[in-house]
Amino acid sequence: QVQLVESGGGLVQAGGSLRLSCAASDMIFVINTMGWYRQAPGKQRELVAFITPGGSTNYSDSVKGRFTISREFAKNTVYLQMNSLKPEDTAVYYCNTRPSKGNYWGQGTQVTVSS
């Protein structure tokens, strides 16, 4: 059973930065595209960034130029570096494969950006 554990969230002022981590119990991102998703209160979960097994990355328009997804094979970890944060980035952030698998969802990590 694969487990994904997100961490690194917190409260930050607008314009600040955070780095999220997603630790996997297995090297699932060697053969899977991995994504960072977020869900804001009252909104549907959305994909904000993903990285393919080959290392190609893609970002939603709302975070392009501010967020960077990366991975570290030795630590079975995927990261999301978030810069120039905005209040609208406030959400619970999750990692999962893309497309997502229902049994891979973890608890997520809360990111709150104050104005």
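Show the residue pairs meeting these rules: Cβ distance below 7 Å; 6+ apart or different chains; first residue within the stretch 1-18 and more than 13 Å from Gln110 (Cα to Cα); second residue basic (Lys, Arg) and open to solvent by 30 Å² or more (accessible area, probe 1.4 Å).
Ala14/Lys86
Any idea which of (1) among the acidic types (Asp, Glu); (2) in a loop (DSSP other than H, G, I, E, B); (3) modelled with pLDDT of 95 or more is the one Glu6 doesn't satisfy?
Here Glu6 meets the rest and fails (2).
Applying the selection to the stretch 18-54, what residues are open to solvent by 60 Å² or more (accessible area, probe 1.4 Å) and polar (S, T, N, Q)?
Of everything in the stretch 18-54, those that are open to solvent by 60 Å² or more (accessible area, probe 1.4 Å) and polar (S, T, N, Q) turn out to be Ser25, Gln39, Gln44.
Quick check on my filter: what residues within the stretch 73-100 are surrounded by fewer than 18 Cβ atoms within 10 Å (Cβ to Cβ), assigned to a loop (DSSP other than H, G, I, E, B) and touching a residue at least 24 places away in the same chain (Cβ under 8 Å)?
Correct list: Asn76, Asn83, Ser84, Lys86, Ser100.
I'd like to verify a number: residues in the stretch 106-115 that are modelled with pLDDT of 95 or more and surrounded by 14 or more Cβ atoms within 10 Å (Cβ to Cβ), how many?
Residues in the stretch 106-115 being modelled with pLDDT of 95 or more and surrounded by 14 or more Cβ atoms within 10 Å (Cβ to Cβ): 5 in total.
I'd like the full set of residues that are surrounded by fewer than 18 Cβ atoms within 10 Å (Cβ to Cβ) and among the β-branched types (Val, Ile, Thr), limited to the stretch 56-72.
Result: Thr57, Thr68.
The values are calculated or read from the model by the stated rules, or taken from the named source; none is laboratory data. Computed from a predicted structure; not experimentally measured. Every residue, glycine as well, gets a Cβ built from its backbone with ideal geometry; the counts of neighbours run over all protein chains shown. What goes into the accessible areas is simple: the full protein's heavy atoms, side chains included, and nothing from ligands, DNA or RNA. Shrake-Rupley method; radii C 1.70, N 1.55, O 1.52, S 1.80 Å.
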